[in-house]
Amino acid sequence: MKFTAFIELLKPITWFPPMWAFICGAITAGTALGGQWEILLLGLLLTGPLVCASSQAVNDWFDRHVDAINEPNRPIPSGRIPGRWGLYLGIIWSILSLVIGAQLGPWGLGATALAIIFSWAYSMPPVRLKQNGWWGNLACAMSYEGLAWITGAALLSITASPSQPSLLFAGLYSLGAHGIMTLNDFKAIEGDQKMGIRSLPVQLGANRAAQLACLIMLIPQCIVIGFLFFMEQEIHAFFIGILVLAQLVLMRYFLRDPIKRALFYSGFGVPLFVSGMMIAAFGIRHMGGH
């Protein structure tokens with residue numbers, strides 16, 4: 001087994017969303033981040049290279065038959081990670097994640113344990129939440145955005161737990177990320193249909209699934225804007241509104257041919273969504289975290 005195949009299995013490109021959400025949560029905590037580098041670095045290591053990476057290894061192992069159709073060059077179906085090593089790596093990385101999570105206290109361990117449970121439940125039979133796009137995408141969205149955000153907010157909070165606005169935004173952006181997860185399903189429609197995986201594009205058809213994904217991404221952001229206005233954070237609300245308008249322009253282009261343009265929207269529209277997360281986090285920090 002080559003090191004390059006091992007790194008490919010862990011999919012470093014997927015580590016960014018939970019690491020970003022962790023930083024957003026940390027910003028809402030209201031404390032000075034400069035003196036918290038150890039916690040910040042451990043949190044980033046935990047959310048990206050450990051928890052997220054372990055979920056990728058687990059998913060690739062249980063998806064090896066689907067990947068043999070959709071992505072035959074992936075490390076496991078191509079044989080570059082032989083035998084049952086894909087499973088062993090998923091187990092080892094999950095245990096390592098829990099060990100590191102325990103170093104961050106009850107909040108860190110609890111969030112890590114939930115994320116690990118979600119990742120295994122998403123991929124592993126008989127639960128295999130991935131079989132249904134509604135539940136599978138929600139599990140991923142909660143792990144990638146909500147739990148990572150809450151972990152950052154909890155570990156650096158000036159109080160015993162994250163503030164209510166921080167928890168609210170973690171939930172809203174998790175719901176929005178459900179739509180982002182749907183974007184990833186457009187490239188696998190053929191394999192999902194053959195393997196009986198009921199992703200939203202399979203269940204609803206490409207056009208309806210794309211429309212739903214856009215709505216799911218837009219509605220939580222609009223609620224965030226409204227809340228920030230209500231809390232007199234008009235500047236933050238205004239800039240998130242500009243990002244939403246830009247997303248609407250890109251969504252219009254995406255909806256004309258969702259199968260071919262899902263990757264385009266992931267590359268250009270999703271960064272606008274996550275940029276709004278950071279602005280929202282600073283909005284909470286500016287209002288005092290509460």
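The values are calculated or read from the model by the stated rules, or taken from the named source; none is laboratory data. Computed from a predicted structure; not experimentally measured. With ideal geometry, Cβ positions are generated from the backbone for all residues, glycine too; neighbour counts draw on all protein chains shown.
Hey, among Ala115, Ala111, which residue is buried (at least 24 other Cβ atoms within 10 Å of the Cβ) and at pLDDT below 90? Break it down into steps so the answer makes sense when it comes.
On the way: Ala115 fails: at pLDDT below 90.
One residue alone meets the criteria, Ala111.
Given the criterion in contact with a Leu (Cβ under 8 Å, 6 or more places away or on another chain) and over 28 Å from Phe169 (Cα atoms), identify the matching residue among Pro82, Pro75.
None of the other options fit; the residue is Pro75.
Take the conditions surrounded by fewer than 20 Cβ atoms within 10 Å (Cβ to Cβ), out of contact with any Asp or Glu (no Cβ under 9 Å at 6 or more places or on another chain), more than 24 Å from Met277 (Cβ to Cβ) and of a type in the set (S, T, N, Q) and apply them to Gln103. Does it pass?
Numbers: surrounded by fewer than 20 Cβ atoms within 10 Å (Cβ to Cβ): yes; out of contact with any Asp or Glu (no Cβ under 9 Å at 6 or more places or on another chain): yes; more than 24 Å from Met277 (Cβ to Cβ): yes; of a type in the set (S, T, N, Q): yes.
So Gln103 fits the description; yes.
When only residues in segment 64-95 that are basic (Lys, Arg) and surrounded by fewer than 19 Cβ atoms within 10 Å (Cβ to Cβ) count, which is nearest to the chain's Cα centre (by Cα)?
Selected residue: Arg64.
Does segment 168-190 contain any residue that is crowded, with 19+ Cβ neighbours inside 10 Å, farther than 30 Å from Asp63 by Cβ and not acidic (Asp, Glu)?
Scanning segment 168-190 turns up at least one residue that is crowded, with 19+ Cβ neighbours inside 10 Å, farther than 30 Å from Asp63 by Cβ and not acidic (Asp, Glu).
Tell me whether segment 236-253 contains one or more residues that are touching a residue at least 40 places away in the same chain (Cβ under 8 Å) and of a type in the set (S, T, N, Q).
The answer is no, given that none of the residues of segment 236-253 is touching a residue at least 40 places away in the same chain (Cβ under 8 Å) and of a type in the set (S, T, N, Q).
Is one or more of the residues making up segment 219-232 among the small types (Gly, Ala, Ser) and in contact (Cβ under 8 Å) with a residue 12 or more places away in the chain?
No, the conditions are met nowhere in segment 219-232.
Have a look at Ala21, Ala5 and point out the one that is touching an Asp or Glu at 6+ places or on another chain (Cβ under 7 Å) and not acidic (Asp, Glu). Talk me through it step by step, then tell me what you get.
Numbers: Ala5 fails: touching an Asp or Glu at 6+ places or on another chain (Cβ under 7 Å).
After ruling out the rest, the residue left standing is Ala21.
Counting only residues that are modelled with pLDDT under 90 and closer than 24 Å to Asp185 by Cβ, give me the helices (runs of 4 or more DSSP H) lying completely in segment 1-97 with at least 3 of them. It would help to see each step written out before you state the result.
Numbers: elements: 3-10, 16-28, 37-45, 53-62, 64-70.
Ranges flagged: 64-70.
Kindly indicate the residue of segment 119-132 that is part of a helix (DSSP H, G or I) and touching a residue at least 40 places away in the same chain (Cβ under 8 Å) and also surrounded by the fewest Cβ atoms within 10 Å (Cβ to Cβ) among those meeting that condition.
Within segment 119-132, the first condition is being part of a helix (DSSP H, G or I), and the residues that meet it are 119-123, 129-131.
Among the residues that remain, those that are also touching a residue at least 40 places away in the same chain (Cβ under 8 Å) are: 119-120, 122-123, 130-131.
Working: Ser119: 26, Trp120: 21, Tyr122: 23, Ser123: 23, Lys130: 25, Gln131: 17.
That would be Gln131.
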